[in-house]
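Heads up, the thing below is written out as structure tokens.
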Amino acid sequence: MKARREALALPVALFAALCGLAPLVAMAVVSVARIEDYTLALDLRAWREVAASPVMRGLIGQAVFYGAILACLTPLAAYPIALALARTPMAWKWLGAVVLLTPLYTGEIVRIYAWRLMLGAQGLINAALGWAGLIEAPVQALLYTRLSALIVMFYNTLPFMVLAIWAAVEAFDRRLAEAARDLGASPWVVFRRVTLPLTRVGLFAGMGVVFALGAGDALTPALMGGANGATAMSMIESLFGAAFDWPLASALGLALMLTLAGCVAALTLLAGRARRSARRRGKI
């Protein structure tokens, strides 16, 4: 039986290796290779340039910054939504899921341009602020800034954080929270001492997903960030295309991937440690 399962898994493993590992191996080879007299020669020029260039280091740092900010901010909005969905009667949970996922049914460009209409000088938000008498002239800082890019990226990644926390809330025994309330604990104490520790697995999983999505988003900063819209992904595209510098593009792509993979791996280790800690305490 075990041999049969391994035989069935072999095609999937080969397909994953072909589609996932082969391009990475090719990029690694291209990043350190130079064709000289029809032979391949070792050349670390691309990696040295990535390490020495403040622009490329800054773009990698910007990707980590976007991912980290989103990973830290989305739980603040996701927890109330997830807790409300968990308390919703079973017959209406499907409606909550539909409402939560509806923004993802449209294309990313459609969502970005909808936000541009809302944040623009003649947009809905400026119109509402002017109608309320809070501003005399349109607020220009709402569009084509890092803030506007973060707002749209927050909106795009929030459903993934809510889903992760919602699943964790549904999994733990809510009678523990009820017992804490019966013993006189305030709602904040119940959340801090009971709900948050029991849902840390979902929190860290959601943070990993949101971090990866935010750090790897090239379209939103380009369309919403204005002069600050340059990203590592857009530079990689330019190096592969117009500049035709494949070694440098491969080195930058691998450096970005390794940096983001290290951050996501740290969140994964935190999630695993949280799960093991909860099991040792007999909470899950």
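Every number here is computed from the coordinates shown, using simple stated rules; none is lab data. All values derive from a computational prediction rather than experimental measurement. No Cβ is skipped: glycine too gets one built from the backbone with ideal geometry, and neighbour counts run over all protein chains shown.
Sequence-ordered 3J(HN,Hα) estimates for the stretch 190-195 from the Karplus curve with 6.51, -1.76 and 1.60 and θ = phi - 60° stand at 4, 5, 6, 9, 10, 5 Hz, glycine and proline given as x.
When 72, 19 are arranged by Cβ crowding within 10 Å, least crowded first, meaning fewest neighbours, the order is 19, 72. For the stretch 172-206 versus the stretch 89-120, the spacing of their alpha-carbon centroids is 28 Å. With neighbour counts taken as other beta-carbon atoms within 10 Å, the residues 31, 238 rank, fewest first, as 238, 31. Taking amide H as placed 1.01 Å from N in the peptide plane, the amide H of residue 33 sits under 5 Å from that of 43, each at least 5 places away or on another chain.
In the chain, taking the dipole from charged Cβ atoms about the Cα centre, the farthest positive-side position among 227, 257, 58 is held by 257.
Taking the charge dipole of the chain about its Cα centre, with +1 at Lys and Arg Cβ atoms and -1 at Asp and Glu Cβ atoms, the residue from 239, 82, 154 reaching farthest to the positive side is 82.
In the list (i) 39, 31, 17; (ii) 35, 21, 16; (iii) 45, 23, 18, the label attached to semi-axes √(5λ) of the Cα gyration tensor in Å as derived from the coordinates here is (i). Across the stretch 54-280, Cα pairs under 8 Å and at least six residues apart give a relative contact order of 29 percent. About its Cα centre, the stretch 54-280 has a charge dipole of approximately 1020 debye under the convention of +1 per Lys or Arg Cβ and -1 per Asp or Glu Cβ, with nothing else charged.
Helices assigned as whole DSSP H runs in the chain whose Cα atoms extend at least 15 Å along their own long axis and whose mean Kyte-Doolittle hydropathy is -0.5 or higher are found at 2-16, 22-32, 54-87, 90-101, 108-119, 146-171, 200-215, 246-280. In the chain, taking the dipole from charged Cβ atoms about the Cα centre, the farthest positive-side position among 102, 164, 122 is held by 164.
Packing order of peptides 162-171, 117-126, 219-228, highest average first: 162-171, 219-228, 117-126 (average count of other Cβ atoms within 10 Å over each peptide's residues).
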